[in-house]
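I have placed the structure first, in the form of structure tokens, so that the comments after it can refer back to it.
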Amino acid sequence: MDRIELEAFVAVAEELHFGRAAARLHRGQPTVSDAVRRLETTLGGQLFHRTSRRVSLTDLGAELLPDARAALAQLRRFQQRGRALAAGDRSGTTLVVGHAEYTGHQLLLRCLPQLRDRFPDVTIVPEAMPTTALLTALRAGTIGLGIGWATDGVTGVRARVLSTERFTALVPEAHPLADRTELSAAELSTTGLLTWPHQINSGLCDRLLTAFRIGGADLRIIRTADSVHAIAAHVAAGTGIGITVESALDHQPPGLRVIPLTGPSTTADQVVLTPTDPSDPAAALRDLLLHASATLRVG
């Protein structure tokens, strides 16, 4: 398999639309379609369910998406390092810092300058990737530290809790529920909800599903979006009620109310992930993140 096949797979998986994926990659749609078909032939199975109206991941596609993202990230790092070495830059090591969508980027912005001061010869490379891809990359040694969400069955890495975040609902100001100070899962039962795709944050999705099951409610997700800003836009357009976490909101969305969810399993742990034997820069960044998070909680 080649790079275009992996890029086409990831782009279609994230856009769930061949035309948008082709535009994102600046390639023709037939090129993207052919690349996905070649990859499916190589793997011996379908990555997508295709109909005239929609595209969705198969079980095989959902399982392989984190690996494809990690492989592309590793290829980018290989190219960056190769160019640096070819230019004669052998000054230091590289620390790749993975961070999942919806995690608190404010912590990274606060801590990375301090890390740079401590390790001036280390090249720090932030890399956005889902929690599942973080775990794969940490075990493979292709990243040195990750910030993601607690999930079941984590082995081969160490996880420390940075913060416990509440699920929140994004509700239009004119909505009948907009005057509530808290909402339970039962009150959102059968309501059309907008949230993140399972393949991006499976831990958060599973936690949210648990909250609804405990509350005897029906979780009805009608649309997913890769960013909280996209979710807020759909809510503002009247598509439904958005579900996110506190740390993803860096400002009050205009025209929307942010209402915390209440009840069992309506929180999720944001964690810092490292290998069992982290490098000195990775261990230092972990400690900086933990200290900054504790300071914010006290403040």
Whichever residue in segment 276-286 is surrounded by fewer than 19 Cβ atoms within 10 Å (Cβ to Cβ) and in contact (Cβ under 8 Å) with a residue 60 or more places away in the chain and, among such residues, is farthest from the chain's Cα centre (by Cα): 280
Just checking, which of 289, 273, 296, 219 is touching a strand residue (DSSP E or B) at 6+ places or on another chain (Cβ under 9 Å), crowded, with 20+ Cβ neighbours inside 10 Å, of a type outside the set (Val, Ile, Thr) and farther than 18 Å from residue 131 by Cα? 219
Selection within segment 211-258 - more than 20 Å from residue 186 (Cβ to Cβ), of a type in the set (Gly, Ala, Ser) and assigned to a helix (DSSP H, G or I): 230, 232, 233, 236, 247, 248
I'm checking my understanding of the structure. Among residues of segment 102-135 that are surrounded by fewer than 21 Cβ atoms within 10 Å (Cβ to Cβ) and modelled with pLDDT under 85, which one is farthest from residue 247 (Cα to Cα)? 121
Report, ordered by the first and then the second residue, all pairs with beta carbons closer than 7 Å, sequence separation of six or more or different chains, a first member in segment 97-123 that is under 23 Å from residue 140 (Cβ atoms) and in the same structural domain as residue 137 (by TED's automatic domain parsing), and a second member that is small (Gly, Ala, Ser) and surrounded by fewer than 19 Cβ atoms within 10 Å (Cβ to Cβ). 99/128; 101/128; 101/227; 122/92; 123/92
For residue 242, indicate whether it is free of Cβ contacts under 8 Å to residues at least 60 places away in the same chain, assigned by TED's automatic domain parsing to the domain that holds residue 183 and buried (at least 21 other Cβ atoms within 10 Å of the Cβ). no
What pairs can you find where one residue is in segment 155-179 and under 27 Å from residue 133 (Cβ atoms), the other is part of a loop (DSSP other than H, G, I, E, B) and at pLDDT 90 or above, and their Cβ atoms are less than 7 Å apart, with a gap of 6+ or different chains? 166/266; 167/266
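The values are calculated or read from the model by the stated rules, or taken from the named source; none is laboratory data. Please read all numbers here as calculations on a predicted model, not as lab measurements. Ideal geometry is used to build each Cβ from the backbone, glycine not excepted, and the neighbour counts take in all protein chains shown.
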